[in-house]
Structures are given as C-alpha cells and as structure tokens.
Amino acid sequence: MDNLERALNRREEKNKAGLLKGQGPLYLQLQRILEDEIVSGKYSNRKKLPTEVELCQMYNVSRITVRQAISNLKNKGIIDSQQGKGTFVDIPDFLPQSNLHLFQSLEGLLYFSPRTVNKILRKGSIRTPNAIANLGNFKDYPKVYRLEGIRYLYGESLGYYNIYVLPEFGQLFSGETPLAILLVLEQKGGAHIREVHQTIKATKCNKRIANILKIKPGDPLMVFERLYFSSDNRLVQIGVSHLRADRYEYTIKLSRRDT
C-alpha cells in the first residue's frame with residue numbers, strides 16, 4: 001500500500017464519522033444520496049450534476065469514491081457523461097410516461113430490475129405473516145427476511161413492495177448493495193431462479209400506501225404477487241408489489257395456431 005492510498009484510507013475513515021453517516025462503503029452512500037436527489041427532482045432530467053471536484057468538496061470524499069458512485073449510476077441508466085461538458089441526468093425518452101411494462105419472460109424481468117431504483121424503507125427478520133406462511137415451503141419457517149421499499153423508474157415512483165426471502169439468504173442484504181434484489185439471490189446466494197408464478201389483482205390505495213407513493217387514498221393500484229422458484233423447485237422468494245395504475249401498461253401478443 002503506497003502513501004497516497006494510505007492517506008486516502010485515513011481520509012475515508014475520518015469521513016465515516018463525519019458528513020456521510022451510516023453503514024457501508026462511502027461510494028454507495030454517495031450513490032444513494034445522488035439517487036434520492038434525482039428522485040426528488042433536485043436534479044431533473046437533462047440537468048447537470050456537480051463536477052467530481054465539487055462532489056469531493058461537498059461530501060469531503062476522494063475522487064475514487066465519487067467516480068465509483070457515478071459509475072454505478074451510469075450502469076443504472078439514469079445519468080450520462082459528455083466529454084468536456086460534464087455529467088447530466090439522462091432519463092431515456094422511450095418511456096415518456098415512465099409506464100411499467102409487464103415482461104413475458106424471466107430474462108425480461110432480470111433485464112428490467114437493474115434499470116429501476118429501489119429505496120429500501122425497512123429490512124430485517126420478522127415473524128412469517130400468515131398470508132405468506134400459506135405459500136409453498138414458507139410454512140416451514142417461523143421467520144423470514146423482509147425488505148420493504150419503494151421502486152422508482154427514471155425518477156418517478158412506480159410502487160410499494162414487500163419482498164420476503166428464506167432466512168438463509170437474509171445475511172446477503174445486511175449491508176448496502178447496488179444490485180437488484182433478484183440478482184442478489186442469483187449472483188451472491190447461488191439460487192438460480194428457474195420460473196416465476198405471477199398473480200395480478202386490482203385494488204384501491206389505502207392511506208398508508210398513498211402517503212408513501214404521494215398519491216390519493218382510493219386511487220387504483222395493481223397488486224402483483226410473484227413466487228420465485230429455484231432450479232431445485234424450492235420457493236425462495238415471495239414479492240408483493242402495489243403498483244400505481246397510471247404507471248402500468250400490459251401488452252400481450254396473441255397468435256392463431258396453424259391447423
């Protein structure tokens with residue numbers, strides 16, 4: 001380790017108790033701050049973000065930290081850098097109303113997940129809810145690991161979700177991760193997802209979810225219940241999402257079979 005790296009490490013350690021408070025790597029903390037500011041509208045579409053030097057000064061972190069945070073946001077497809085001009089919020093135009101399309105394959109679901117921003121509200125081990133305990137092998141577990149949060153697509157809220165995973169996978173989510181929840185199970189937990197069973201229902205928004213999604217009580221919601229089965233036919237994840245109906249569009253192609 002050279003002198004420069006030692007100096008950066010000492011500086012980063014000092015910052016952990018300073019401006020950027022919380023657990024996990026500083027670049028993930030900075031990434032989360034910038035994501036929240038994009039979601040809140042502080043940095044709207046096409047607006048320029050602060051420069052690397054400015055971010056270093058604002059949050060008292062190294063350029064290595066800033067570059068990693070910026071790189072992760074680029075990979076999520078919500079910002080872009082232009083040589084000689086800077087880094088800008090870059091929300092694609094191919095979804096002008098940020099509508100959520102239902103993908104017809106598991107590959108489509110895996111493709112879509114990293115392109116959204118998840119803001120986790122709460123996470124941890126809880127007593128298995130009765131409604132969840134009635135599904136598959138989850139009845140054999142008195143406790144499950146739950147992640148509760150909000151999903152955003154290109155800066156606009158899509159829905160509120162609760163995701164339940166088997167307790168053996170809970171430790172994978174104890175820290176910060178830039179990956180989508182489904183990809184964590186696959187890439188870090190070794191649970192290859194073979195198929196997903198999905199049920200869609202319509203309902204009205206209650207007061208609590210309305211407050212979370214910034215919509216009105218009684219507004220229409222689509223409820224997605226998804227059961228994720230691994231290659232050994234185990235139910236490893238259950239997801240219950242309440243999606244805004246004004247951000248949802250369902251398209252299906254029907255073909256006549258040749259006779």
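The values are calculated or read from the model by the stated rules, or taken from the named source; none is laboratory data. Everything numeric in this text was worked out from a predicted model, so none of it was measured. Cβ sites come from the backbone with ideal geometry, for glycine too, and all protein chains shown count toward neighbours.
Of the residues Gly84, Gly149, only one is surrounded by fewer than 13 Cβ atoms within 10 Å (Cβ to Cβ), modelled with pLDDT of 85 or more and not in a helix (DSSP H, G or I); which? So that I can check it myself, show each step before the final result.
Values: Gly149 fails: surrounded by fewer than 13 Cβ atoms within 10 Å (Cβ to Cβ).
None of the other options fit; the residue is Gly84.
For the range 152-171, what are the residues that are modelled with pLDDT under 90 and of a type in the set (A, V, I, L, M)? Residues satisfying the conditions are Leu153, Leu158. Looking at the range 177-259, the strands (runs of 3 or more DSSP E) lying wholly inside it that each contain 3 or more residues that are buried (at least 16 other Cβ atoms within 10 Å of the Cβ) and without any contact (Cβ under 8 Å) to a residue 60 or more places away in the chain sit at 220-230. Consider Asn75 carefully, then state whether it is touching a strand residue (DSSP E or B) at 6+ places or on another chain (Cβ under 8 Å), of a type outside the set (Ser, Thr, Tyr) and not assigned by TED's automatic domain parsing to the domain that holds Leu213. Criteria not met by Asn75.
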